[in-house]
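Taking it in order: structure first as structure tokens, then the write-up.
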Amino acid sequence: MSELFYDAAPNATRVAPERPKPRTYSAKPAEVTLFGTCVVDLFFPEAGLDAIRLLEREGIRVHFPQAQSCCGQPAWTSGYVNEAREVARAQLNLLDNGLPVVVPSGSCAGMFRQHYHEVFAEEPDTLERVESLAERTFELTEFLLHVCKVDWQDLGQPTQIALHTSCSARREMNTHVHARELLGKLANVQRLDHDHESECCGFGGTFSVRMPEVSGAMVLDKTRSLRESGAVEMVTADGGCLLNINGSLEKQQQAFRGRHLASFLWERVSGEVTP
């Protein structure tokens with residue numbers, strides 16, 4: 001054991017990264033691009049449509065490039081650097097239009113904002129475009145809250161919900177802060193805390209495939225905490241977590257379920273009840 005490590009203070013190797021400085025938000029734009037994410041596209045398309053409806057309700061024209069695919073996060077976090085770079089390059093080319101990019105997923109938004117700098121670290125010319133995309137990228141609740149400055153009338157019946165925010169999205173995008181404040185604007189919605197809110201659901205992209213036993217134990221803790229909160233349902237802005245949590249609940253034969261935050265918000269402000 002090295003002398004340096006031996007003399008280190010307890011947990012000295014577990015230093016959290018410095019929080020990014022607070023963003024400065026400009027006026028609401030007339031147009032945005034929606035990056036729908038591959039999980040929303042494949043498993044929760046209605047959530048993507050509801051995100052568009054929420055933005056259009058604020059008078060914003062929404063562009064949805066049909067060629068968009070994955071942000072590259074699964075390949076990147078699995079160590080497939082070259083493959084991740086090619087996927088990321090395709091999205092960078094597609095989103096290189098100067099418009100704000102709104103993402104109904106904090107983890108995918110975090111990939112654009114935080115990790116594309118690492119993906120293209122050896123391409124100085126590309127980094128200028130990466131920086132532009134990072135500055136233009138917003139997670140959906142962040143955009144509605146700080147750019148649109150929404151002032152909603154809650155048209156839904158009184159309800160109690162639990163909020164899940166993905167662990168990476170909490171660290172990189174502060175999605176728990178934005179979502180809590182946005183939900184707090186809904187007069188008939190009570191958000192109930194649960195004791196595993198800040199913990200990972202066990203999905204982690206390919207982690208759940210490579211380490212299924214560990215992932216399964218983590219999601220059992222998460223689902224137990226959600227059910228014991230007293231909430232009627234769970235809402236989250238991350239499709240991967242939603243897929244994992246609902247899948248576990250179904251396997252446990254539990255009636256409790258979660259849904260995407262975009263669909264929950266649209267129902268509250270539109271008065272349209274999802275069948």
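The values are calculated or read from the model by the stated rules, or taken from the named source; none is laboratory data. Since the structure is predicted, the reported quantities are computational estimates derived from the model, not experimental observations. Reconstructed Cβ throughout: ideal geometry from the backbone, glycine too, with neighbour counts over all protein chains shown. Quick note on the areas: whole protein, heavy atoms, side chains included, nothing else; ligands and nucleic acids left out. Shrake-Rupley method; radii C 1.70, N 1.55, O 1.52, S 1.80 Å.
What FRET efficiency comes out for Val81 versus Glu46 if R0 is 35 angstrom and r is the Cβ-Cβ distance? Round to the nearest 0.05.
That pair, Val81 with Glu46, gives E of 0.55.
Measure off, as a whole percent, the carbon and sulfur share of the 1.4 Å-probe accessible area of the chain, all protein chains present.
After summing per-atom areas, the C and S share lands at 52 percent.
Quick check: pseudo-label points 7 Å beyond the Cα along Cα→Cβ at Ala121 and Val209, how many nm apart are they?
2.5
Can you work out the Karplus-derived ³J(HN,Hα) for every residue in the range 133-144? Use 6.51 cos²θ - 1.76 cosθ + 1.60 with θ = phi - 60°, whole Hz, and x for glycine or proline.
Working through the residues one at a time gives 5, 4, 5, 8, 8, 9, 6, 3, 5, 4, 5, 5 Hz.
Over the chain, how many pairs of lysines fall under 28 Å by alpha carbon, counting only those 8 or more apart in sequence or from different chains?
7
Stretch Glu199-Ser270 to full length: gain in nm at 0.36 nm per residue minus the Cα-Cα span?
22.4 nm
Name the residue from His260, Leu226, Gly216 whose Cα lies farthest towards the positive end of the charge dipole of the range 197-275, charges +1 on Cβ of Lys and Arg and -1 on Cβ of Asp and Glu.
Of the options given, the answer is Gly216.
Using the Cα centre as the reference, give the magnitude of the dipole from point charges on the C-beta atoms of the range 159-270 (Lys, Arg: +1; Asp, Glu: -1; all else neutral), rounded to the nearest 20 debye.
It comes to approximately 180 debye.
Give me D for the chain in µm² s⁻¹, whole number, from Stokes-Einstein with Rh from the Kirkwood sum over alpha-carbon pairs, 37 °C and 0.692 mPa s.
167
Is there a quick way to get the dipole size of the range 109-185? I mean about its Cα centre, with the Cβ of Lys and Arg at +1 and of Asp and Glu at -1; what is the value in debye to the nearest 20?
480
For the chain, what is the charge dipole size about the Cα centre, in debye to the nearest 20, if Lys and Arg each add +1 at the Cβ and Asp and Glu each add -1 at the Cβ?
540
List the relative contact order of the range 159-270 as a percent without decimals, with contacts defined as Cα pairs under 8 Å and 6+ residues apart.
Computed value for the range 159-270: 29 percent relative contact order.
For the range 159-270, compute Rh as the Kirkwood radius over C-alpha pairs and then the Stokes-Einstein diffusion coefficient at 10 °C and 1.306 mPa s; write the answer in µm²/s, rounded to an integer.
113
What FRET efficiency comes out for Arg180 versus Ser26 if R0 is 22 angstrom and r is the Cβ-Cβ distance? Round to the nearest 0.05.
0.40
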